[in-house]
1. What is the dipole size for the chain, taken about its Cα centre, with +1 at each Lys and Arg Cβ and -1 at each Asp and Glu Cβ, in debye to the nearest 20?
2. Report the extension gain between Ala256 and Asp499 in nm, rounded to one decimal, defined as 0.36 nm multiplied by the number of residues separating them, less their alpha carbon distance.
3. Around Arg466, under 14 Å between beta carbons, what's the net of Lys plus Arg minus Asp minus Glu among the other residues?
4. Can you run phi through the Karplus equation (6.51, -1.76, 1.60; θ = phi - 60°) for segment 546-556 and list ³J(HN,Hα) in whole Hz, with x for Gly and Pro?
5. Name the shape class, rounded, prolate or oblate, that the alpha-carbon gyration tensor gives for segment 93-154, where a ≥ b ≥ c are the square roots of its eigenvalues, rounded holds for a/c under 1.5, and otherwise prolate holds if a/b is larger than b/c and oblate otherwise.
6. Give the residue list of chymotrypsin sites (Phe, Trp or Tyr not before Pro) in segment 306-378 that are DSSP loop and have at most 16 other beta-carbon atoms within 10 angstrom.
7. For the pair Ser533 and Trp423, how long in nm is the line joining their label points, each one 7 Å along Cα→Cβ?
8. Does segment 197-351 come out rounded, prolate or oblate, given a ≥ b ≥ c as the square roots of the eigenvalues of its C-alpha gyration tensor, rounded meaning a/c under 1.5 and, failing that, prolate meaning a/b above b/c?
Amino acid sequence: MEIDGNVLAAKSLVHFGVQHMFGVVGIPVTSLANRAVSLGVRFIAFHNEQSAGYAASAYGYLTGRPGVFLTVSGPGCVHGLAGLSNASVNTWPTVMISGSCDQNDVGRGDFQELNQIEATKPFTKLSVKASHITEIPARVAQVLDWAQSARPGGCYLDLPTDVLHQKISESEAEKLLTEADKNRSISEPKIERPLSNSKIEEAVSLLRHAERPLIVFGKGAAYARAEHVLTKLVNSTGIPFLPTPMGKGILPDTHALAATAARSLAIGKCDVALVVGARLNWLLHFGEPPKWSKDVKFILVDVSEEEIELRKPHLGLIGDAKHVIEVLNKEIKDDPFCLGSTHPWVEAISNKAKENVARMEVQLKKDVVPFNFLTPMRIIRDAIAGLGSPAPVVVSEGANTMDVGRSVLVQTEPRTRLDAGTWGTMGVGLGYCIAAAVASPERLVVAVEGDSGFGFSAMEVETLVRYQLPVVVIVFNNGGVYGGDRRRPEEIDGPHKDDPAPTDFVPNAGYHALIEAFGGKGYLVGTPDELKSALSESFSARKPAVVNVVIDPYAGSESGRMQHKN
Ligand code: ADP
């Protein structure tokens with residue numbers, strides 16, 4: 001019996017552990033997808049490769065195994081670059097596999113021809129081609145291994161049409177798969193080095209002698225499954241902690257040592273900061289004054305040596321976050337220390353946090369109609385709290401919607417928040433929802449999206465309905481990017497001044513009707529009671545739903561928190 005390249009690619013993916021794939025089929029990869037399904041892979045078919053790529057990247061983050069997505073050649077590959085690049089920037093293990101044109105026709109203007117290796121290279125750790133059917137198993141193993149080894153990221157595998165149509169015997173295919181297995185450890189780049197005792201001792205000494213220590217953790221720590229070791233570290237030392245947006249939930253936001261509500265004080269005044277799996281990039285104000293004290297000593301824990309070299313911290317600990325914190329915990333155990341709740345630093349943070357929470361709660365308590373951002377966010381927060389454990393995965397994007405959501409919504413379990421991330425990528429929402437539903441089937445998925453974020457990939461609500469995924473998408477509908485027309489009078493001029501503003505969408509758009517077109521459930525809400533009832537019904541139904549929440553178009557601010565950059 002002979003098999004072709006499509007079958008061998010599908011067999012290789014299954015052989016090396018792929019259970020789910022995302023993608024858009026067409027020439028020349030339809031047979032690859034069908035074969036993968038017949039071998040037991042769950043293939044989630046999208047409308048656009050961009051969303052499929054976002055889904056694969058979030059799947060990689062949530063499961064710790066590479067998320068794989070499949071595209072057609074040329075334009076399909078180009079659409080997929082959005083997901084691939086976003087994966088690499090977020091350091092999430094992701095593999096894009098694209099069909100490409102026949103190698104014999106390269107340079108002659110073949111159907112959907114593109115030099116896909118060169119196109120993908122700027123966005124990947126590794127871009128490789130299987131130039132002959134016999135190379136397929138080794139190449140599949142290589143991209144899967146590279147995507148998740150060392151600092152995770154995006155990898156690309158190119159499968160030309162002629163290679164997918166070549167044939168070999170089944171026995172030769174088996175031999176190639178066994179060989180690829182044997183060579184796996186060779187192809188995997190090794191970076192993990194033993195941690196030096198002196199560095200661990202220095203880190204513990206810095207924390208022990210600090211007057212105002214702080215532990216910051218991010219999505220790299222969540223990816224590393226460092227929640228248990230970080231909980232132990234925080235609880236044993238009594239050091240306050242600050243999660244980044246996607247680090248929320250590694251320890252519950254409700255923990256007594258959470259400094260989230262006292263963020264400015266915590267980062268502005270700490271003298272030693274242990275930063276675990278989070279970059280000192282824009283999200284953390286580059287670790288520089290005026291937000292941070294100029295004398296703060298950073299201890300950075302990151303799997304990437306390059307990252308540590310870039311930031312030049314006081315002390316860098318290169319390695320897997322879970323492993324490094326485990327070693328720190330062991331070192332502390334021999335000579336324990338704990339700040340205690342009456343320590344002036346802990347008290348200062350706790351008092352400030354309580355004060356800020358109380359102030360926010362006064363605003364949140366008001367039932368403002370037409371809705372501002374706070375009233376519906378409070379109702380969503382309370383409805384989510386009512387679900388208990390397992391907590392839902394919350395997906396969030398949009399300017400004001402994401403900003404307000406980050407401070408109001410409460411995260412109690414790790415890896416339950418997905419948002420625009422390192423790149424501030426809008427349009428990730430539906431892809432992330434689908435990935436979360438597939439990767440964490442025990443959890444409900446609740447998306448809290450601005451109408452512009454939703455619009456990037458709104459057609460994927462059909463995908464939700466087709467696969468009957470337990471996803472409730474709540475759209476904050478304020479009629480545009482940032483909301484209503486906010487132009488100053490002098491900005492409204494020229495021959496097209498009567499056109500809608502560049503920020504405008506159709507007012508009062510019926511987003512709920514979009515999902516109804518495919519047989520899903522839609523809700524249009526404008527009052528607290530309507531929203532409560534829609535959430536109660538849709539959360540318990542665990543079926544695809546869109547809740548269209550009409551917001552005052554002039555609530556919130558332009559560009560949310562980033563106004564100074566617009
Ligand atoms: P956040 O957006 O939460 O601030 P970042 O994406 O900026 O987080 O930073 C995550 C960091 O975590 C990256 O620098 C990445 O290299 C690092 N990282 C990824 N995996 C691990 C791991 N297993 N252990 C430690 N660090 C990791």
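No value in this document is a laboratory result; all are computed from the given coordinates. Model, not experiment: these values are computed from the prediction. Using ideal geometry, Cβ is built from the backbone for each residue, glycine included, and neighbour counts are taken over all protein chains shown.
1. With Lys and Arg at +1 and Asp and Glu at -1, about 1460 debye.
2. So the chain would gain 82.3 nm between Ala256 and Asp499.
3. 0
4. 10, 9, 8, 9, 7, 10, 4, x, 10, 7, x
5. oblate
6. Those that pass, being in a loop and sparsely packed, are Phe337.
7. 4.2
8. Rounded is the answer for segment 197-351, as its axis ratio a/c remains below 1.5.
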